[in-house]
Amino acid sequence: MSSDGNGVPRTLADDLRQRSDAALEALFEARPDLLSPVPTDMTDLVARAATRLSVNRALDRLDRFTLQVLDALAHLPDPTDVDAMARLVPVDRPALSNAVSALRDLALAWGPDDSLRLVRAVREAVGPGPGRTGPPLATAAAGYPAARLQQLLVDLGLPTTVDPPSALNRLLDVLGNPDRLAALLADAPPAAIELLAKVDAGGSGRVERADRAVRPADAATPLEWLLARGLLIAVDADTVVLPAEVAVARRGGALHPNPALHPPAAAPIRVGVNEADRIGAGQALTTVRLVEDLLAAWATDPPSVLRSGGGLGVRDTRRAETVLGLPAEHAALIVELTYVSGLVAADGEDPESWVPTPAYDRWLALDTAPRWALLAEAWLATSRVSSFIGSKPDYGTNRDRPLSPLSADLDRAWAPTLRAGVITELAALPNGTATHLTDLWARLAWRAPRRTGASQELFVRATLAEAALLGLTGQGALTSYARRLAGDGSDAASDKLEKLLPTPLDHVLIQADLTAVAPGPLRRDLALELALAARVESTGAATVYRFSEASIRHALDVGRNAADLHELFARASRTPVPQPLTYLIDDVARRHGHLRVGAAGGYIRCDDEALIAELVADKRAAPLKLRRLAPTVLVAGVGPEAVLTKLRELGYAPTAESAAGAVVLTSPGARRTGPRTPPRPVSGERSIPPTLATAAVRALRAGDRAAAAGKRASAAERATAALREATDVGAVIGFPRPSTATTLDRLRTAAAAGESVWLGYVGDDGTATERIVDPLTLDGGVLRAFDHRHNKVRSFKVSRIRAVADA
């Protein structure tokens, strides 16, 4: 352990070595990218923690107040102390100490309170003007000619020097001294102070002839008064900057005079728990029904997958809007919801179409509340942003083409975190309370200011609208069951929602105008049967179904007969079945199946010669190019599907038949994909289990000790020492070495499932490394796998694999 005589660490690596195992585990949990892969020792950890990408990820997690404290630390030279920071960020000492501790815990700063240092990469990420100031005076005035520096010294009453560096140092004695700088500003005319405030708002300003040489006696404008005294510095012919020291003095000696210690308050809007639950439950029920309606339609007539970028084509998108009876943006949400829930997936060799998955059948078997909970959980977790549909992507190869539903370009890594932030803020409000969008956005922007921009603000607005459509909120207030979903999980949310939903009905009211009214949600078996013989005409508190010749024919096409339909309606209707419906069923059933269509180019056969003659004479059937081969047989010039479609348009009721002459019945659930998994959310971050953090710390300590001993040991000896020291990590990351049979079984399983695994591997030179690989083949004691570290397929000897675990 390296430190000075007083125990103060001399480097960040020394600081990390002095931390407890729990503190290092917390570091890995807060910055999981540091474990990709596990660092070999403290030096490796420091190098990784100081990379620009890792630092920016860590900064993105900080709230506005912690970033203001970071600005103060970046404004001061290393080392500094908390007292100096307190002058720049005037808050109570406990709050300041907590923010400093947060920076230290994230390895963005290190050292004790009286000798704080900022990691160099963090200082570079913050930039030369922390706190929205200009650059420090030494940086801003470094480009001044020597004559101009000497002139400024004379005008400020300082002795001149012979070289620019010493002249700049003397200039800093005045303009870097808070007391002397305050005295200068006290003598400034009000117009000059106003000009300083304008420049301070942006850190710089554009003016003509900014580099003019001005003496105090000749200054005729506020700008010249400031230039003559070095309070504004010309960095080129057209730009002046306000040095950071002057900006702090103008702000009263503080970098952030009004620190944002807490998020802004949200004004409450009282809705009421019962009202929110009533509205939300109605929307939840509607969402479940819409998903079911869409996938029932796609099961029989699946839409095509776009060749470029996947997704739905314009025609299929419009058809989905028609099926759902929703405007484009609402229909797009339902379509996306089916995909992220794993209920629909691309199917076919190319793939060709979007088809329901086997998970859809399992979903249908659940009650309404669990079905809703599954959809809501998928929406909360997904990285796909349905509100971007219709806009042009900001990256990728298809930037000129608007995004479509199910497109591959809808993922945004920040979406799950921001969506969860919206729900968390709503959950923090009192039960039955909503708030204004502006207040909600202000609180989210405080919590992660570096992650907020125009796209994110629009996303928050869309998230609130989607939460309302899905039934998570009612009039903007989070429902009681949505609170359960966010806090206790889907089972608790389902139990709460189930009590709010109406009991499914086992009856409808059939009317003489060939409609049936369902005064509430129907039992699933009745709803499915009714959907075969009728089409939904309107929805709302009651659902209206419309019977027609086409709908009755559809029921007959899928295997029902007239007796089945008569029995269904007599049993399900609380009103007497009207005669018009009875006549309609009998009439369609009498004509159904007289014409038979099969495969040739397409053919039509019918035992009724008069009907065949009528069809040949019908000019509307000309597109079918019919030719009569026999009194009861016609051959068509188009395929069976086209013949079926055209004959139905002409008012006939044909059926398809197989090559053996049997009637082919269609089934609404006939199309399913093979087993599919829901799409994984795209994330710029990954969470790690606590056990992995613990294991990583133990391995890190072992590697650090091995590295220290390595000054006298060979590379092979260092690797052996590291492995020997790390054997107590076995229960978590694979040490001690598993049996060969276990290793082979785990690798074969991963290869078959297409999973990534973590390998502890000892190379031919004895060097121990960790790899994340995708196993491909296992043959002759050699594993062929894609190595993520080197981005290529490599070979690994099974005998040298010391550990294997899930990645």
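The values are calculated or read from the model by the stated rules, or taken from the named source; none is laboratory data. Everything numeric here is computed off the predicted structure, so don't read it as measured data. We place every Cβ from the backbone using ideal geometry, glycine too, and count neighbours over all the protein chains shown. For accessibility, only protein heavy atoms count, side chains too; no ligands or nucleic acids. Shrake-Rupley method; radii C 1.70, N 1.55, O 1.52, S 1.80 Å.
Per-peptide packing, taken as the mean over residues of other Cβ atoms within 10 Å, places 566-573, 69-76 in the sequence 69-76, 566-573 from highest down. Between region 128-151 and region 490-539, how many Å separate their Cα centres? Cα centroid of region 128-151 versus Cα centroid of region 490-539: 74 Å apart.
About its Cα centre, region 108-244 has a charge dipole of approximately 180 debye under the convention of +1 per Lys or Arg Cβ and -1 per Asp or Glu Cβ, with nothing else charged. Here region 33-143 is described by how far its Cα atoms reach on the three principal axes: 41, 40, 24 Å, from widest to narrowest.
The radius of gyration of the Cα set in region 377-468, together with its Dmax, comes out at 14.0, 46 angstrom.
Pick out, from Ile233, Ala284, Ala254, the residue whose Cα sits farthest towards the positive end of the charge dipole of region 224-285, with +1 on the Cβ of Lys and Arg and -1 on the Cβ of Asp and Glu. With unit charges placed on the Cβ atoms, the residue in question is Ala284. Both radii come from the Cα set of region 511-553: Rg as radius of gyration, Rh as Kirkwood radius; their ratio Rg/Rh reads 0.94. Quick check: the angle from helix 21-30's long axis to the longest principal axis of the chain, C-alpha only, nearest 10 degrees? For 21-30 against the chain, the angle is about 60 degrees. For region 277-326, trypsin sites (Lys or Arg not before Pro) are listed when DSSP marks them as loop and at most 11 other Cβ atoms sit within 10 Å of their Cβ; the list is Arg307. Between amide H atoms placed 1.01 Å from N, distances below 5 Å from Ser383 occur with Val682, all of them 5 or more places distant or on a separate chain. Amide H contacts of Leu776 (H built 1.01 Å from N, in plane; Pro and chain starts excluded): Arg784, Ala785, Phe786 sit under 5 Å, all sequence-distant by 5 or more or on other chains.
Remark: the chain carries a charge dipole of roughly 880 debye about the Cα centre, counting +1 on each Lys and Arg Cβ and -1 on each Asp and Glu Cβ. The portion of the accessible surface of the chain made up by carbon and sulfur, rounded to a whole percent, is 53 (1.4 Å probe; DNA, RNA and ligands excluded).
Averaging the sequence gap over all C-alpha pairs within less than 8 Å and six or more residues apart, then dividing by the number of residues, gives the chain a relative contact order of 11 percent. Computed across region 235-349, the Kirkwood hydrodynamic radius from all distinct Cα-Cα pairs reaches 19.7 Å. The calculated FRET efficiency for Arg93 paired with Asp764, based on their beta-carbon distance and R0 = 56 Å, is about 0.45. Ignoring aspartates and glutamates fewer than eight residues from Lys625 along the same chain, the ones with Cα atoms less than 19 angstrom from its Cα are Glu609, Glu614, Glu641, Glu649.
Spacing of the modelled spin labels on Asp506 and Thr740, each 7 Å from Cα toward Cβ, amounts to 6.6 nm. From helices alone, the chain scores -14000 deg cm²/dmol at 222 nm; the rule is -39500 (n - 2.57) for each run of n ≥ 4 DSSP H residues, then divide by the residue total.
Angle of helix 328-340 to the longest C-alpha principal axis of the chain, folded into 0 to 90 degrees and rounded to 10: 90°.
Say a paramagnetic label sat at a point 7 Å from the Cα of Asp513, along Cα to Cβ; which residues of region 523-554 have their backbone N under 20 Å from it? Flagged as within label range: 534-552. Taking every alpha-carbon pair within region 189-283, the share separated by more than 19 Å comes to 56 percent. The stretch between Ala617 and Trp446 holds 53.9 nm of extra length on full extension. This uses 0.36 nm per residue minus the Cα-Cα distance.
These residues, Thr317, Thr433, go from largest to smallest accessible area, 1.4 Å probe, as Thr317, Thr433. Peptides 765-773, 625-633, 241-249 ranked from most to least packed by the mean count of surrounding Cβ atoms within 10 Å: 241-249, 765-773, 625-633. Computed from label points 7 Å out along Cα-Cβ, the spacing between Asn561 and Glu641 is 3.0 nm. Considering the options Ala359, Gly127, Leu175, tell which one lies farthest towards the positive end of the dipole of the chain, charges being +1 on Lys and Arg and -1 on Asp and Glu at the Cβ, about the Cα centre. Of Ala359, Gly127, Leu175, it is Ala359.
Per residue, region 279-388 exposes 37 Å² of solvent-accessible protein surface, assessed with a 1.4 angstrom probe and all protein chains in place.
Within the set (i) 28.4; (ii) 37.7; (iii) 33.0, the number that Kirkwood radius over Cα pairs in Å takes when calculated for this structure is listed as (iii). Shape class of region 166-206 from the Cα gyration tensor (axes a ≥ b ≥ c, square roots of the eigenvalues): oblate, since a/c reaches 1.5 or more and a/b does not exceed b/c.
Once the C-beta distance of Asp361 and Ser795 is scaled by a Förster radius of 45 Å, the resulting FRET efficiency is 0.60 to the nearest 0.05. Normalised per residue, the accessible area of region 1-83 is 41 Å², obtained with a 1.4 Å probe and no contribution from ligands, DNA or RNA.
Each other residue within a Cβ distance under 15 Å of Gly637 adds +1 if Lys or Arg and -1 if Asp or Glu, for a net charge of +3. Sorted on the mean count of surrounding Cβ atoms within 10 Å across their residues, most packed first, peptides 177-189, 579-591, 323-335 read 323-335, 579-591, 177-189. Amide H contacts of Asp618: none lie under 5 Å away among residues 5 or more positions distant or on a separate chain (H built 1.01 Å from N in the peptide plane; Pro and chain starts excluded).
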